[in-house]
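The values are calculated or read from the model by the stated rules, or taken from the named source; none is laboratory data. Note that the coordinates shown come from a computational prediction; the quantities given were computed from them, not determined experimentally. Note: ideal-geometry Cβ built from the backbone for every residue, glycine included; neighbour counts use all protein chains shown. Just the protein is used for accessible areas: all its heavy atoms, side chains included, with ligands, DNA and RNA removed. Shrake-Rupley method; radii C 1.70, N 1.55, O 1.52, S 1.80 Å.
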Amino acid sequence: MKKVTAPDITALKGQRKISMVTAYDYPSGQIVDAAEVDMILVGDSLGMVVLGYEDTLSVTMDDMLHHAAAVSRGAKRALIVGDLPFMAYQPSVQMAVENAGKFLSRTGARAVKLEGGFPFLEHVRAIIDSGIPVQGHIGLTPQHVARFGGFKAQGKNARSAAALVDEALALEAAGCFSIVLEAVPHEVAQEITARLSIPTIGIGAGPDTDGQVLVYHDILGLFDRFVPMFVKKFAQLRGESIDAVKRYIAEVSDGSFPAEGNFSRMDPEELKRFKSLLQDKV
Ligand code: KIV
């Protein structure tokens, strides 16, 4: 089975829409890969939807490597993108290259993503020069939640919208193979998509980006604490899971589980021997 590569993703621009979904462990990696998604993002949203933090700021590089390795044991076809967490790249270009390298050498990720534009162009170039494809991410970049004062849409006024266009062009010039546009107005995403020759992957950026990305737990309706307006739940697994566990508890209490077929029985001859051995013991 041919693995999807970063150049494959870049080549899809203008050919067809690109799909990307997050995954955080072996089963979610297997499921999204079986659905034939193009890219799997092992996102630092891990912190919120899997580890239960309020935001993504506490996620560590070790957390990301642990989960990316599990995803790559489950996913054999899609391009796996490792998300550089807060403070894994910001402090220096060298740190950015070293941590990006860990995703490739210790997990099956074959690209990394980092949040932010202008302040990190040198970091992006150095990572790419080391042989690692980089996906940019601008707009609402959750690692800036403290500076933004919350999870707030970006590029809503003319000046900040124009700055996003410049930032996207700069990331393209730095060598990114694609760019995530998060929570920016449709018109801004449309303009950026038209001006870039690399694909834009939108989340809360309208229908005219080259592809879309959503969080696994949001698609499946597994995460209820924070549901942005751009999320569409394609299933309601949280409710179904609670019902399933409730039915299990009920069957344990009324004795109907485990039933015949859920356990084994001894061969009758062995059972006879077993009983006689027990008799010898009394
Ligand atoms: O961490 C993440 O899941 C992300 C996506 C929302 C783009 O960065």
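Students often check this: by mean Cβ neighbours within 10 Å, which of 131-137, 148-154 ranks highest, and how do the rest follow? Don't skip to the answer; put the middle values down first.
Details: 131-137: 23.7, 148-154: 13.3.
My ranking of the peptides, most packed first, is 131-137, 148-154.
Got a number for the accessible area of K102? Probe 1.4 Å, square angstrom, nearest 10.
K102 exposes around 60 Å² with every protein chain in place.
What angle, in degrees between 0 and 90 and rounded to the nearest 10, separates the Cα long axis of helix 268-281 from the longest principal axis of the Cα atoms of the chain?
Approximately 70 degrees, to the nearest 10.
Pick out which of P258, P27, P85 has the largest mean-square fluctuation in a Gaussian network model of the chain, springs linking Cα atoms closer than 10 Å.
Most flexible of the set in this elastic network: P258.
If a paramagnetic tag sat 7 Å from the Cα of A173 along the Cα-Cβ line, which residues of segment 188-209 would have the backbone N under 14 Å from that point?
The answer is 196-197, whose backbone nitrogens lie closer than 14 Å to the label point.
Tell me, what ³J(HN,Hα) does each residue in segment 228-237 have, in order and in whole Hz, if you take phi through Karplus 6.51 cos²θ - 1.76 cosθ + 1.60 with θ = phi - 60° and put x for Gly and Pro?
For segment 228-237, the Karplus-derived couplings read x, 5, 7, 7, 10, 8, 8, 7, 10, 6 Hz, x marking Gly and Pro.
Once phi is turned into θ = phi - 60°, what whole-Hz ³J(HN,Hα) does the Karplus curve with 6.51, -1.76 and 1.60 give for every residue of segment 251-265, x standing for Gly and Pro?
6, 5, 5, 8, x, 7, 10, x, 9, 3, x, 9, 8, 9, 10
Mind jotting down the distance between the C-alpha centroids of segment 251-266 and segment 72-110, whole Å?
For segment 72-110 versus segment 251-266, the Cα centre distance is 45 Å.
Length gain on complete extension for the stretch M95 to D62, per 0.36 nm per residue less the alpha carbon to alpha carbon distance?
My answer for the length gained is 10.5 nm.
Given points 7 Å out from each Cα along the Cα-Cβ axis, report the H186 to E260 separation in nanometres with one decimal.
About 6.0 nm, to one decimal.
With no solvent and one equal point scatterer per Cα, compute the Debye intensity ratio I(q)/I(0) for the chain at 0.08, 0.10, 0.11 Å⁻¹ and report its log10, rounded to two decimals.
The computed values of log10 I(q)/I(0) come out as -0.39, -0.55, -0.64.
Pick from M48, M87, M266: which is most flexible by mean-square fluctuation in a GNM of the chain where alpha carbon atoms under 10 Å apart are linked?
Comparing M48, M87, M266 in the GNM, the peak value goes to M266.
I need the phi-derived Karplus couplings for segment 83-93: 6.51 cos²θ - 1.76 cosθ + 1.60, θ = phi - 60°, integer Hz, Gly and Pro marked x.
Taking θ as phi minus 60°, the curve returns 8, 6, x, 3, 6, 8, 9, 4, x, 6, 5 Hz for segment 83-93.
For labels at Q30 and S197 in the simple 7 Å Cα→Cβ model, what's the distance in nm?
The two pseudo-label positions are separated by 4.2 nm.
For I203, I249, give the ranking by accessible area with the largest first, probe 1.4 Å.
I249, I203
Counting alpha carbon pairs within less than 8 Å and at least 6 residues apart, what relative contact order, in whole percent, applies to the chain?
Rounded, it is 15 percent for the chain.
Most fluctuating residue of G29, G52, G116 in a GNM of the chain with Cα springs under 10 Å: which is it?
Comparing G29, G52, G116 in a Gaussian network model of the chain, the most mobile one is G52.
Just name one of V180, G261, G14: the one whose Cα is farthest towards the positive end of the charge dipole of the chain (beta-carbon charges, Lys/Arg +1, Asp/Glu -1).
Final value for the positive-end residue is G261.
Lysines within cross-link reach of K272: Cα-Cα under 23 Å, excluding same-chain residues under 8 positions apart?
K281
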